[in-house]
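Peer 1: Dumping the structure here so I can ask a few things about it.
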Amino acid sequence: MVLIGDKEYFKGIGEIKYEGRESDNPLAFKFYNPEQVVAGKTMREHFKFAMAYWHTLCGTGGDPFGPGTKAFPWSTATDPLVAAKEKADAAFEFVTKMGFDYYCFHDFDLVDEAGTLAESEKRVQQTVAYLKEKMNASGVKLLWGTANLFSNPRYMNGAASNPNFDVVAHAGAQVKIALDATMELGGENYVFWGGREGYMSLLNTNMKLEQDNIGRFMRMARDYARKNGFKGSFFIEPKPMEPSKHQYDFDSATSINFIREQGLENDFKLNIEVNHATLAQHTFQHELQVAADAGMLGSIDANRGDYQNGWDTDQFPNNFLETAEAMLVFLKAGGLQGGGVNFDAKTRRNSTDLEDIFLAHIGGADTFARGLLIADAVMQKSPYEDLLSKRYASFTSGKGADFVNNKLDLETLAKIGMEKGEPQTISGKQELFENILNQYI
Ligand code: XLS
Ligand code: NI
Ligand code: NI
């Protein structure tokens with residue numbers, strides 16, 4: 001159901017429907033067919049697509065070389081609460097027209113931060129009350145909430161990792177407000193992205209204390225939320241750098257170690273972002289695999305980087321070959337644990353039509369859908385799974401099975417090695433695996 005406030009912001013655009021790949025309608029899905037069942041679930045259930053409030057409604061395209069270029073017709077009012085309502089109207093009009101079920105926000109995406117924490121809290125609460133009405137009327141849900149602990153200059157030296165306790169406490173107040181908002185709206189998860197939780201120079205940094213403080217901070221947030229009935233997951237969103245020179249949540253492996261070291265493993269999982277993976281010199285699928293293997297594949301921030309540029313360009317996904325590889329990991333892991341696919345992506349600075357926001361999300365959803373269809377076909381119809389298990393067949397019986405079952409010691413292993421002599425040369429067949437993937441596109 002399309003829900004339009006007093007004012008329609010995206011005029012001339014109706015509900016986006018699936019029309020299939022033969023359709024030439026740019027405002028239709030070619031591959032994302034929400035009700036189509038793939039590997040036992042509808043695409044809608046697999047993905048739980050979400051709109052990111054910050055990019056879609058707040059990001060007018062400013063960059064270090066120039067101001068914003070996009071004249072958004074919402075949040076033009078000078079009263080911050082009126083502006084917040086306009087933004088919420090635009091948000092729900094967009095999400096419902098896209099046929100998505102979810103959105104995500106930072107506290108101060110919803111409404112501008114005020115001069116004091118108390119005033120900010122009031123503003124967030126009032127905006128949350130309005131959002132609640134819109135959610136009830138539309139059925140749209142909150143995938144996750146988070147606090148912006150990186151934009152305000154007070155956080156220039158970090159938030160939970162700040163060397164000044166007063167800043168840590170301020171961040172604590174903000175997280176409490178954001179958690180309250182998330183819980184009030186029935187948010188399914190809560191995210192920590194460590195914007196400036198890292199360092200610019202190791203020379204002035206006590207790394208151990210900073211990391212332990214982040215751990216303490218997260219345990220407090222968890223305990224508070226659990227005490228107040230929050231049943232969802234907490235996610236850490238790894239990123240290696242930007243804005244900090246080095247961020248503590250560098251990549252999946254680093255973040256998983258942190259989660260375990262800090263005793264957070266029962267409550268925390270990961271939110272993997274494509275462009276953050278590539279900034280860490282990994283592929284997206286690598287990051288998903290590491291998270292899945294630890295039982296911590298929670299959620300996805302969908303976007304893409306640029307192969308020629310080394311920063312977080314947050315472009316909409318459009319490479320279905322890469323997405324197909326990622327969807328193989330996704331399907332084999334049994335999907336996401338509690339999370340969904342949030343489009344943490346923005347239209348380019350020179351894409352200034354409101355329609356462009358729709359085109360971008362349509363392309364992103366289609367890229368994931370197409371990737372899923374390819375991955376499912378590879379799993380169902382091709383010899384891929386077979387080839388993969390054959391590659392490891394030596395561990396399923398005999399001494400290999402004893403090894404896997406921890407029944408061998410080094411002496412026995414060495415004896416087997418001596419007896420067997422030089423092992424056979426066995427091809428890794430990489431090109432065959434690659435060809436199979438291509439064949440199902
Ligand atoms: C920035 C992050 C951010 C988080 C939410 O690079 O992706 O947008 O997803 O704080
Ligand atoms: Ni990002
Ligand atoms: Ni993100």
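The values are calculated or read from the model by the stated rules, or taken from the named source; none is laboratory data. Owing to the predicted nature of the structure, the values given are computational and were not obtained by experimental measurement. As a convention, Cβ positions derive from the backbone with ideal geometry for all residues, glycine included, and neighbour counts pool all protein chains shown. For accessibility, only protein heavy atoms count, side chains too; no ligands or nucleic acids. Shrake-Rupley method; radii C 1.70, N 1.55, O 1.52, S 1.80 Å.
Peer 1: Of the cross-linked pairs 97/141; 132/227; 87/141; 70/141; 85/227, which ones have a Cα-Cα span greater than 19 Å in the structure shown? Provide the component values of the computation, followed by the final result.
Peer 2: Numbers: 97/141 15 Å; 132/227 22 Å; 87/141 17 Å; 70/141 27 Å; 85/227 31 Å.
Exceeds cut-off: 132/227; 70/141; 85/227.
Peer 1: State the extension gain, in nm to one decimal, for the chain segment bounded by residue 36 and residue 381, taking 0.36 nm per residue of separation less the distance between their alpha-carbons. Can you show the working numbers first?
Peer 2: On the way: separation 345, 0.36 × 345 = 124.20 nm, distance 1.83 nm.
The residue 36-residue 381 span can extend by a further 122.4 nm.
Peer 1: Also, I was wondering about something else. Could you work out Rg/(2.2 N^0.38 Å) for the range 322-427, with Rg from alpha carbons only?
Peer 2: Ratio of Cα Rg to 2.2 N^0.38 Å: 1.77.
Peer 1: Working from the alpha-carbon coordinates of the range 5-45, get Rg over Rh, Rh being the Kirkwood radius.
Peer 2: On the way: Rg = 13.4 Å, Rh = 12.0 Å.
Result for the range 5-45 is an Rg/Rh of 1.12.
Peer 1: Under a 5 Å amide H to amide H cut-off, with H placed in plane at 1.01 Å, what residues pair with residue 235 once short-range neighbours are removed?
Peer 2: The list, which skips near neighbours in sequence, is 190, 191, 192, 269.
Peer 1: Among 369, 285, 42, pick out the residue whose Cα is farthest towards the positive end of the charge dipole of the chain, where Lys and Arg carry +1 and Asp and Glu carry -1 on C-beta, about the Cα centre.
Peer 2: Value: 42.
Peer 1: Over the range 255-310, one equal point on each Cα, no solvent: what is log10 I(q)/I(0) by the Debye formula at q = 0.12, 0.17 Å⁻¹?
Peer 2: With one equal scatterer per Cα and no solvent, log10 I(q)/I(0) is -0.29, -0.54.
Peer 1: Compute the Kirkwood hydrodynamic radius of the range 1-111, taking the inverse of the mean of 1/r over all pairs of distinct Cα atoms, and give it in Å to one decimal. List each step's numbers first, then the result.
Peer 2: Working: mean 1/r = 0.0637 Å⁻¹.
One decimal place: 15.7 Å for the Kirkwood radius.
Peer 1: Going by average Cβ neighbours within 10 Å, how do the peptides 35-44, 340-349 rank, with the highest at the top? Working shown, then result.
Peer 2: Values: 35-44: 14.7, 340-349: 22.9.
Per-residue Cβ counts within 10 Å, averaged per peptide and sorted highest first, yield 340-349, 35-44.
Peer 1: Assuming R0 = 35 Å, what is the FRET efficiency of residue 8 and residue 45, from their Cβ-Cβ distance, to the nearest 0.05? Intermediate values should be presented prior to the final figure.
Peer 2: Values: r = 30 Å, r/R0 = 0.85.
The value I calculate is 0.75.
Peer 1: Karplus couplings for the range 347-362 from phi (6.51 cos²θ - 1.76 cosθ + 1.60, θ = phi - 60°), rounded to Hz, Gly and Pro as x?
Peer 2: Karplus-based 3J(HN,Hα) across the range 347-362 equals 5, 5, 4, 9, 9, 9, 7, 4, 4, 4, 5, 5, 4, 5, 5, 5 Hz.
Peer 1: Quick one: what do you get for the range 146-269 if you divide its Cα Rg by 2.2 N^0.38 Å?
Peer 2: Details: Rg = 13.6 Å, N = 124, 2.2 N^0.38 = 13.7 Å.
That ratio works out to 0.99.
Peer 1: How big is the Kirkwood radius of the range 40-94, worked out from every pair of different alpha carbons and given in Å to one decimal?
Peer 2: Working: mean 1/r = 0.0759 Å⁻¹.
Evaluated on the range 40-94, it is 13.2 Å.
Peer 1: If the reach is capped at under 27 angstrom between alpha carbons, list the lysines near residue 407, excluding any in the same chain fewer than eight residues apart.
Peer 2: Partners within reach: 390, 399, 415, 420.
Peer 1: Quantify, in whole percent, the carbon and sulfur part of the accessible surface of the range 91-137 (1.4 Å probe; protein heavy atoms only). Don't jump to the answer; show the numbers that get you there.
Peer 2: On the way: 760 of 1660 Å².
Using a 1.4 Å probe with all protein chains present, the range 91-137 comes out at 46 percent carbon and sulfur.
Peer 1: Tell me, what is the FRET efficiency for residue 390 and residue 413 to the nearest 0.05, using R0 = 22 angstrom and their Cβ-Cβ distance as r? Display every interim value, and only then the final one.
Peer 2: Details: r = 23 Å, r/R0 = 1.04.
Step by step, r from the Cβ atoms, then E = 0.45.
Peer 1: Roughly how many nanometres apart are two label points built 7 Å out from the Cα toward the Cβ at residue 245 and residue 164?
Peer 2: 2.1
Peer 1: Let me see the P(r) profile for the range 35-165: every Cα-Cα distance counted, bins of 10 Å, each bin given as a percent of all pairs.
Peer 2: The calculated distribution, bin by bin, is 11, 36, 32, 16, 4, 0.
Peer 1: Also, quick follow-up: Please report Rg (one decimal) and Dmax (integer) in Å for the Cα set of the range 204-257.
Peer 2: For the range 204-257, the Cα-based Rg and Dmax read 13.1, 40 Å.
Peer 1: Additional query: Rounded to a whole number, what is D in µm²/s for the range 200-343 from Stokes-Einstein with the Kirkwood radius over alpha-carbon pairs (10 °C, 1.306 mPa s)? Please list the in-between numbers first.
Peer 2: On the way: Rh = 15.9 Å.
Using the Kirkwood radius from Cα pairs, D works out to 100 µm²/s.
Peer 1: Moving on. Starting from the 7 Å offset along Cα-to-Cβ, what nm value, one decimal, do you get for the label separation of residue 260 and residue 184?
Peer 2: 3.9
Peer 1: Have a look at 59, 10, 331 and report the one farthest towards the positive end of the charge dipole of the chain, computed about the Cα centre with Cβ charges (Lys/Arg +1, Asp/Glu -1).
Peer 2: Comparing the listed Cα positions along the dipole, 331 ranks first.
Peer 1: If R₀ is 45 angstrom, what is the calculated FRET efficiency for the pair residue 332 and residue 306, using the beta carbon separation as r and rounding to 0.05?
Peer 2: On the way: r = 28 Å, r/R0 = 0.63.
Given R0 = 45 Å and the Cβ-Cβ separation, E is 0.95.
Peer 1: Let me ask something else about it. With every protein chain left in place, what is the accessible area per residue of the range 81-123 in square angstrom, probe 1.4 Å?
Peer 2: Working: 1240 Å² over 43 residues.
Per residue, the range 81-123 has an accessible area of 29 Å².
Peer 1: Then there is this: In Å, what Rg and Dmax follow from the Cα atoms of the range 283-335?
Peer 2: 11.6, 33
Peer 1: Let me ask something else. Could you calculate, for the range 306-381, the ratio of the Cα radius of gyration to the Kirkwood radius, expressed as Rg to Rh? Each step should come with its number before you reach the end.
Peer 2: On the way: Rg = 14.1 Å, Rh = 13.7 Å.
Radius of gyration over Kirkwood radius for the range 306-381 works out to 1.03.
Peer 1: Let me know the volume per residue of the alpha-carbon convex hull for the range 378-441, in Å³. Kindly include the intermediate steps, with their values, before the conclusion.
Peer 2: Numbers: hull volume 6.2 nm³, N = 64.
Dividing the Cα hull volume of the range 378-441 by its residue count gives 97 Å³.
Peer 1: If I take the Cα coordinates of the chain and project them onto the principal axes, what are the three extents in Å, biggest first?
Peer 2: Here the spans come out as 82, 58, 44 Å, largest first.
Peer 1: Within the range 243-320, report the GluC sites (Glu not before Pro) that DSSP leaves as loop and that have at most 16 other Cβ atoms within 10 Å.
Peer 2: On the way: sites: 261, 265, 273, 287; in loops: 265.
Passing sites in the range 243-320 are 265.
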